[in-house]
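Enquirer: The structure's right below; bear with me while I get my questions together.
Laboratory data are not the source of any read-out in this text; all were calculated from the coordinates shown. Since we're looking at a predicted model, the values are computed, not measured. We place every Cβ from the backbone using ideal geometry, glycine too, and count neighbours over all the protein chains shown.
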Amino acid sequence: MYSRILVPLDGSAISSRALDEALALTHDAGANIQALYVIDAPPVCDRASPYSFQDFHDSYAREGKAVCAEAALRMENTDFQSSTRVVEVDLADDDLAQRIATSASEFRADLIVMGTHGRSGWRRIALGSVAEELVRLSPCPVLVVPARTRASDRAAQGESPRVVERGCNH
């Protein structure tokens, strides 16, 4: 069974559902879940923009604190250890997936539970897939929790979220 589970959260319903899956997986009192919020690099702002780099950073930091506070409340009356953490993407050479993988290593996670929006086509090309990249970079297995609409379709077919072991470095 998994004893150290990392759950990246972004404030979306899908990431909240990933936390639900992690909580459901954790029956052992010795287990430890860490909810993680990553402050991403803000969009590029030019002088014509009314927003500055600091405005975006501060907004992400406030959201991270709020998301982690909500996760802490959800984990507070459990029989296992839990914690929250807010980290930042290193602007020089990081992206979201790399920072999550690094955080998983630092936490010594043996499982990452992550929601995915399940984008396809041009939306996936334009927006990328953090979950897909994380599966390639992860130091441990990744449980990918699909968007509710896709999950309900899969549940109707008898499928459930799955642990993806491809790309593990252990």
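Enquirer: Report, by chain and number, residues whose modeled amide H sits under 5 Å from the one on R4, excluding near sequence neighbours (fewer than 5 apart, same chain).
Expert: N32, D110, L111
Enquirer: A further question on this structure: What does the charge count around Y37 come to, taking other residues whose C-beta lies under 9 Å from its C-beta (Lys +1, Arg +1, Asp -1, Glu -1)?
Expert: Result for the neighbourhood of Y37: 0.
Enquirer: A66 to S105: FRET efficiency via 1/(1 + (r/R0)^6), r the Cβ-Cβ distance, R0 25 Å, to the nearest 0.05?
Expert: Between A66 and S105 the formula returns 0.45.
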